[in-house]
Amino acid sequence: MSALAHVPAASGQSSAPPPPPRRGRHRLLPYLLLLPGAAWLFVFFALPLLQLAAASLYDPAGSLSTGYALTWAFGNYPDAVQAYWPQFARSFLYSAIALVLALLMGYPLAYAIAQKAGRWKNLLLVCVVAPMFTSFLVRTLAWKTILSDNGWVVGLLRDVHLLGPDGRLLATPIAVVLGITYNFLPFLVLPLYASLERLDPRLLEAASDLYASGWQAFRRITLPLSMPGLIAGTLLFFIPATGDYINAELLGTPNEYMIGNVIDSAFLVRLDYPQGAALSFLLMAAILAIVFGYLRKAGTEEVL
Amino acid sequence: MGGKVRERETPAGDLRLVDLTKRFGIFTAVDDLSLTIPQGSFFALLGASGCGKTTTLRMIAGLEEPTSGQVLLGDRDIARLRPYKRPVNTVFQSYALFPHLDIAENVAFGLRRRGIRSVDDEVRRMLSLVQLDGYERRRPAQLSGGQQQRVALARALINHPQVLLLDEPLGALDLKLRRQMQIELKRIQTEVGITFVHVTHDQEEAMTMADTVAVMNAGRIEQLGAPADLYEYPATAFVANFLGQSNLLAGEAAGPGGDAVPVSAHGARFAVPRERARLDRGPVYLGVRPEKLHLVDSLDRVPAGHQSVAGVVSDASYVGVSTQYLVRTGWGSELSAFAANTGSEVRFPVGASVVAHWNPRNAFLLPREPGADADRTSPLLDEPPVGALS
């Protein structure tokens, strides 16, 4: 080590010595580079967040026309929970079910693309990402057509008696969960793909040589080695899915409304800013709690 | 060959390949291969890359399914068993250690998969066999190449397989470490008494370690035998030049002729003892190893009974233990001759007229393709370099 360290010094003496580094500027440079991003974050994230925190503590009796007063009304929080806990629960339930469905589809898909697709790999990746080129709204509206009462999906399910003669998919929890699954699937597949793509197939051969059946090789080698992608994908799927309100709005009814819909209407319809802000903070807190619990449980210090 | 299994008593653990063939599309990687590897032996499959040796190994391991033929372990055909059902383990060329498990768990992997709970003592014993005591809690990435190689070995050996397969296990190590591991592997093989099947392209490695070497070329075995037999009496021109280096003179044999087969080459007459001749008439190569070709300055100095060729020294390289000469013959071929630097020999400068002579007992006679008229006096250019006298 020390011998290596001497080499550049020795060669530096023989040729012209490099100009001494200007220390002061070097030390400041990283901060200068950070400045634009930090300013952006401050103006468009930190300040609004503070504003939102303040709004959540406004006097709930106020309104846009009469004006709001910051009365440190902590009661807004329990009130919001009491009024809307079903929507809270529904948000987590729907996104959890959607996550399970997405994992069942997404893991094999990511594995197939990463390990088995050969020269089709790039084409398949494009297929996964392609829907993103149209707007979220348009895609969800397309699902409205696909699941409509006179669409072929419902027709088929009626023919095989999985649905009753006037059974429907649209405006049911099923439609909302399917919509969420579809819309956020790429966020799960892409990080998983990145992890699985790095998996050395020779490790699976070695496992198989060492008495591991196909399932055991998956359980002991593939799964642990794809954990970083699995965790990242799960979070990228679950966090936006829980706060989503488009799917419930377009594919469901008020009976399927999730917390996102409530926050949306609190701000834009009912104009109840204190409640909307309190619900937003509660959602954020709940998701953060779940994420930290999950990361602790998954136990991958490499991720954090 | 016709797919018959020879009726013969085989000890329980002999590994036998019978008419084994593997085709990938139209390419035949392994072509009707049959051989027997006795239990407890150290067997090397030697060949250039692409000769089918690794495919053969993978068929024994179960990572590749044969197109046809059998892999018999004792009397059991294991050719169609899944790899995890075979009493065979592999040390992979890339080691393929599991990066997310520590060394102890890597080594214990096979035992755990077979439902064995208490593995600690066995793991410790194995790690000490490969001289890695105390490395249990390290990760593979924290180990050097040589250490990883030894972990891969321990991970395979802990399962007490009937056959251990080694796929170029020393390929990624530097020369010094490779020598050390060759000795180590040999020691461990003697200690555990398991059949080792070792695939390599390094002729020196094969000869140092194995009891029996099979030289493979284009999916077939060119020759099989003890390293010394292969070297001293190669069966084909390929073996003669893949295993070390040979001077092969194209000639015609006009036998049979009593104790010695008469050969005419380039207008001169030679003779090779019958027991050193693979055939006694038709196109042949007359072969002499460079270290068995001696140089003198005139014909009178050629010992009685030796045969000789006259020429001019065209190159002389001093390489420490020996001097390697190239001698240009009257008909334009260059013969290679190694003279050991014993301190009492005469050195010949470039341009000196010399006579190269050899004892006929050290020559050998090989079959030659009728079209191949040129001498083959240098190693095949597309083969890995040969460490002949180093």
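Derivation of every value follows stated rules applied to the coordinates shown; laboratory data play no part. Owing to the predicted nature of the structure, the values given are computational and were not obtained by experimental measurement. Neighbour counts run over all protein chains shown; Cβ positions are idealised from the backbone, glycine included.
If you take the Cα centroid of segment A:124-180 and the Cα centroid of segment B:233-277, the two points sit 81 Å apart.
Counted by neighbouring Cβ atoms within 10 Å, the residues B:Glu184, B:Glu222 run from fewest to most as B:Glu184, B:Glu222. Remark: segment A:88-303 carries a charge dipole of roughly 320 debye about the Cα centre, counting +1 on each Lys and Arg Cβ and -1 on each Asp and Glu Cβ. In a reduced charge model with +1 at each Lys and Arg Cβ and -1 at each Asp and Glu Cβ, the protein assembly as shown shows a dipole moment near 700 debye about its Cα centre.
In segment B:162-296, Cα pairs under 8 Å separated by at least six residues give a relative contact order of 16 percent. When segment A:88-303 is described by a simple charge dipole with +1 on each Lys and Arg Cβ and -1 on each Asp and Glu Cβ, the residue from A:Asn122, A:Leu199, A:Gly106 located farthest towards its positive end is A:Leu199. Structure remark: mean-square fluctuation, Gaussian network model of chain B, C-alpha springs under 10 Å; the largest value among B:Ser118, B:Ser353, B:Ser308 belongs to B:Ser118.
Are there any trypsin sites (Lys or Arg not before Pro) in segment A:164-269 that are in a DSSP loop and have at most 13 other Cβ atoms within 10 Å? List them by number.
Those that pass, being in a loop and sparsely packed, are A:Arg198.
Phi angles of segment B:342-357 translate, via the Karplus equation with coefficients 6.51, -1.76, 1.60 and θ = phi - 60°, into HN-Hα couplings of 8, x, 10, 8, 8, 9, 9, x, 4, x, 6, 7, 9, 10, 8, 10 Hz per residue; Gly and Pro are given as x. The mean sequence separation of alpha-carbon pairs under 8 Å and at least six residues apart, normalised by the residue count of chain B, gives a relative contact order of 15 percent. Between the C-alpha center of segment A:50-81 and that of segment B:164-183 there is a gap of 73 Å. GNM on chain A, alpha-carbon springs under 10 angstrom: the most fluctuating residue among A:Ala39, A:Ala278, A:Ala171 is A:Ala39. Backbone amide hydrogens, once placed in the peptide plane, bring B:Gly255 within less than 5 Å of B:Arg281, B:Gly282, excluding anything fewer than 5 places away on its chain. Considering only A:Leu47, A:Leu199, A:Leu288, the Gaussian network model of chain A with Cα springs below 10 Å gives its largest mean-square fluctuation to A:Leu47.
For a quick check: sort B:Asp19, B:Asp133 by the number of other beta carbons within 10 angstrom, fewest at the front. Before the final figure, lay out the partial values.
Values: B:Asp19 17, B:Asp133 11.
Ordered from fewest to most neighbouring Cβ atoms within 10 Å, B:Asp19, B:Asp133 come out as B:Asp133, B:Asp19.
Sequence gap at least 6, Cα distance under 8 Å: using those rules, report the relative contact order of segment A:88-303 to the nearest whole percent. Once normalised by length, the contact order is 26 percent. Within the same chain, lysines fewer than 8 places from B:Lys53 are excluded, and of the rest, those with a Cα less than 24 Å from its Cα are B:Lys4, B:Lys22, B:Lys85, B:Lys186.
Averaged over peptide B:153-166, the number of partner chain Cβ atoms lying within 10 Å of each residue's Cβ comes to 1.
Give a quick list of chymotrypsin sites (Phe, Trp or Tyr not before Pro) in segment A:60-95 that DSSP marks as loop, anything other than H, G, I, E or B, with at most 13 other Cβ atoms within 10 Å.
A:Trp72, A:Phe74
Residues whose amide H lies under 5 Å from that of B:Val261, counting only those 5 or more places away or on a different chain, are B:Val272, B:Arg274; hydrogens are built 1.01 Å from N in the peptide plane. Beta bridges from DSSP with both residues in the protein assembly as shown: antiparallel share about 75 percent, rounded to the nearest 5. Taken as entire DSSP H runs, the helices of chain A that both span 18 Å or more between Cα atoms along their own long axis and average 0.5 or more on the Kyte-Doolittle scale are A:76-111, A:173-197, A:227-243, A:273-298. A straight Cα-to-Cα reach below 22 Å connects A:Lys297 with none of the lysines, residues fewer than 8 places away in its own chain not being considered. Evaluating kT/(6 pi eta Rh) at 37 °C and 0.692 mPa s, with the Kirkwood radius of the protein assembly as shown over Cα pairs in the Stokes-Einstein relation, gives 101 µm² s⁻¹.
For chain B, the Cβ-based charge dipole about the Cα centre amounts to some 1020 debye (Lys, Arg positive; Asp, Glu negative; other atoms uncharged).
The mean count of C-beta atoms from other chains within 10 Å of the C-beta of residues in A:215-226, rounded to a whole number, is 2.
Note on A:196-209: average number of Cβ atoms from other chains within 10 Å of each residue's Cβ is 6.
Look at the dipole of chain B built from charges on Cβ: of B:Phe238, B:Leu173, B:Leu46, the Cα furthest out on the positive end belongs to B:Leu173.
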